[in-house]
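The values are calculated or read from the model by the stated rules, or taken from the named source; none is laboratory data. Given the structure is predicted, the values throughout are model-derived calculations rather than measurements. Virtual Cβ from ideal backbone geometry, glycine too; neighbours counted across all protein chains shown. Only protein heavy atoms, including side chains, enter the accessible area calculation; ligands, DNA and RNA are left aside. Shrake-Rupley method; radii C 1.70, N 1.55, O 1.52, S 1.80 Å.
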Amino acid sequence: MNRVLSSLHRRLASVYLLIVFFALWQIVPSAGFVNATYLTPLFRVIREIPIVGYFNLATDVLISLKRVAIGFLISTAAALPLGFVLAGALPKLAKFLNPLLLFLSQIPPFILFPVFVIIFGVGESGIVTVIIWSAVWPILFNTISGINMVDPLLVKCARSMCADKLTIFLEVVLPSSLPSIMTGMRSGLTLCFLMLIGAETMGANSGMGWEINMAQRMAVIPRIYLMALIVAVVGLAINYLFEWIERTLITWKEAERDALA
Amino acid sequence: MSENKISIENACKYFYGKERRGAASKFVAIRNVSLDVREGELLSIVGPSGCGKSTLLDLLAGLEPLSDGAIYIDGGKVTGPDLRRGIVLQGYALFPWRTVRENVEFGLEIKDAEKKEMKETSQHFIKLVGLEDFADKYPHELSGGMRQRVALARALAYGPEILLMDEPFAAVDAQTRETLQEELLHIWEETRKTIIFITHSIDEAIFLSDRVAVMTSSPGSIKSILSVDIERPRNSDRATAEFSSLRREIWSLLQNDAARGDEIEQEYCGEKAV
Ligand SMILES: Nc1ncnc2c1ncn2[C@@H]1O[C@H](COP(=O)(O)OP(=O)(O)OP(=O)(O)O)[C@@H](O)[C@H]1O
Ligand SMILES: [Mg+2]
């Protein structure tokens, strides 16, 4: 019995902190330690849900997710093959382009937003371009470095067994660099989501970011907190989903990673 | 005496460094190596570290082109990798994302073997190296000696006529090493493959081989080839008079070379700027 309790305790240890956080969120403003107008108590925030409307909230979340999905898929579809070609087939070109790519990657997408709007027009494409710009870089760089770090001994070993170029790519290079590629895709996805919320506050008429922007304009403070809460939950869910995909794809390193954790 | 299986004629290998002040630096890794290996022979190569043993094996496997000279196998010139030659590279070189079985099956997959045949073959060789209980484990779950066996099973699985082994038992303890040596001899006696075996251990070379080739330090060439005329099966305590005298002989051949080290170093510098 005791053992069950202690294992439950261990599993919930990090959840306790969240519970304390939410409890404080309720108690601190409602007990008057902080002005409740600026820091809305948790229950008041939750009561905002029916006011906005379940349907509206669900629509906001789904629209934002759709944009994240489109942006992420396009950036992955662009960055992965580009990384493979640059690192695998044209290492000299990759080295030549590296400073330029690094330079470009340092430009925050919001600065380019007006340019994107001019080029791609107002609406969906401008927003999606912003998140593509932010996600492409980590995926590209991690793919290139993953391929550069493939153990030459393994390539040699495959060559000694008469593996052709395609087999070496599929059976050695790809699995070797998969952990690095997944890391890049995960940072890309996180950035996609963060940048999307930002982009939606600037130029959209739907989505979670837009809802935040509206709440701000109408000065409905509880709604701002509500949307922040929802954004955090959705972001966490995306992260967990990706972690799960990573774990199912990369089974051979399980033990090593556990040992580190 | 049977026909030569492998015939190395004046093999040379140069590595070219980055160009500096207009002159490309040239490093001679192997110089004029000539060596014949008979069908079914087990020949060991010993030599100081960096003398070009692994390089020679790469040339034999067809993984690197020769700079000069030629290598013939069954009378045909070596031009590239071939599944008739199996190589166990220095370091285990196992694919970490493949289980033991999948590692062993790599060469068979390339051969486009049938699923059923592939399974039977890999099973056979996994059993041969005594890993049947670990067939579905990943390399990181195995000990060093076990990984070594997987690498051996993988090279054996696609049925090469020649086995090239680069310090395969270097990373295991003395006990395991002796077990692996016995196992290798067992496999060799069963399959009668031609084996070239690189090692740093003089004892290992004598215990295993029909002949031992001693290499000079860099740039490597064959210094001497000694026949080991000790009757098989050989005594595993390795303390007979024949064994000791061979050990002393090889040791002094390697020792002489170490004393000549300075001279060789200079020679190498002179050759560097070509
Ligand atoms: N790809 C390469 N480019 C340049 N130099 C190389 C290359 N491969 C090997 N060499 C050089 O050739 C020499 C011989 O290397 P090799 O690996 O064949 O030595 P070795 O006899 O196997 O040594 P060890 O016993 O330590 O394994 C070394 O000096 C090494 O630096
Ligand atoms: Mg070596």
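Considering Cα pairs under 8 angstrom that are at least six residues apart, work out the relative contact order of the range B:93-160 and quote it in whole percent.
51 percent
What do the square roots of 5 times the Cα gyration tensor eigenvalues come to for chain B, in whole Å, largest first, as semi-axes of the equivalent ellipsoid?
31, 24, 18
Output the DSSP H helices from chain A with an along-axis C-alpha extent of no less than 20 Å and a mean Kyte-Doolittle hydropathy no less than -0.5.
A:2-30, A:54-84, A:124-148, A:174-203, A:221-249
Quickly estimate the mean residue ellipticity at 222 nm for chain A, helices only: each DSSP H run with n ≥ 4 gives -39500 (n - 2.57), and the total goes over all residues, rounded to 500.
That comes out to -27500 deg cm²/dmol.
Sequence gap at least 6, Cα distance under 8 Å: using those rules, report the relative contact order of the range A:38-260 to the nearest whole percent.
27 percent
Interface size between chain A and chain B, please: total buried accessible area, 1.4 Å probe, rounded to the nearest 100 Å².
1900 Å²
Based on alpha-carbon atoms only, what is the radius of gyration of the range B:6-100 relative to the globular estimate 2.2 N^0.38 Å?
Ratio of Rg to 2.2 N^0.38 Å for the range B:6-100: 1.25.
Accessible area drop of at least 20 Å² (1.4 Å probe, protein heavy atoms): which residues of the range B:97-119 qualify, relative to the chain alone?
Listed by number, the residues meeting the 20 Å² cut-off are B:TRP97, B:ARG98, B:PHE106, B:ILE110.
So which residue, out of B:GLY76, B:GLY145, B:GLY130, gets the largest mean-square fluctuation from a GNM of chain B using Cα contacts under 10 Å as springs?
In this elastic network of chain B, the residue with the biggest mean-square fluctuation among B:GLY76, B:GLY145, B:GLY130 is B:GLY76.
Send over the Kirkwood Rh of the range A:38-260, from the inverse of the averaged 1/r over different Cα pairs, rounded to one decimal Å.
19.6 Å
How large is the translational diffusion coefficient of the range B:188-236 in µm² per second when you combine the Kirkwood radius over alpha carbon pairs with Stokes-Einstein at 37 °C and 0.692 mPa s?
The Stokes-Einstein estimate is 271 µm²/s.
What per residue convex hull volume, in Å³, comes out for the range A:1-138 when only alpha-carbon positions are used?
249 Å³
Give the accessible surface of the range A:1-85 per residue, rounded to a whole number of Å², with probe radius 1.4 Å and ligands, DNA and RNA excluded.
Result: 68 Å² per residue.
Please report the base-10 log of the normalised intensity I(q)/I(0) for the protein assembly as shown, using a Debye sum with one equal scatterer per alpha carbon and no solvent, at each q in 0.10 (1/Å).
-0.93
Share of the protein assembly as shown's accessible area from carbon and sulfur, percent, 1.4 Å?
61 percent
Roughly how many Å² is the accessible area per residue of the range B:93-160, as a whole number, for a 1.4 Å probe?
Accessible area per residue: 43 Å².
If I take every Cα pair under 8 Å that is 6 or more residues apart in the range B:23-155, average their sequence separation and divide by the length, what percent do I get for the relative contact order?
22 percent
List for the range A:128-165: residues with 50 Å² or greater reduction in accessible area, all protein chains versus chain alone, probe 1.4 Å?
SASA drop of 50 Å² or more in the range A:128-165: A:LEU153, A:LEU154, A:LYS156, A:CYS157, A:ARG159, A:SER160, A:MET161, A:CYS162.
Just to be sure I understand: with springs between alpha-carbon atoms less than 10 Å apart, which residue in A:MET202, A:MET161, A:MET227 has the highest mean-square fluctuation in the Gaussian network model of chain A?
A:MET161
Over the Cα atoms of the range B:93-160, each weighted equally, I'd like the Debye log10 I(q)/I(0) at q = 0.22, 0.27, 0.28 Å⁻¹, rounded to two decimals.
Log10 of I(q)/I(0), two decimals: -0.81, -1.23, -1.31.
Can you show me the helix-derived [θ] at 222 nm for chain B, built from DSSP H runs with n ≥ 4 at -39,500 (n - 2.57) apiece and divided by the number of residues, rounded to the nearest 500.
-11500 deg cm²/dmol
Return the percentage of antiparallel bridges among DSSP beta bridges fully within the protein assembly as shown, rounded to the nearest 5 %.
55 percent
Within the set of other residues whose C-beta is less than 14 Å from the C-beta of A:VAL117, count the net charge using Lys and Arg as +1 and Asp and Glu as -1.
Around A:VAL117, the surrounding residues sum to -2.
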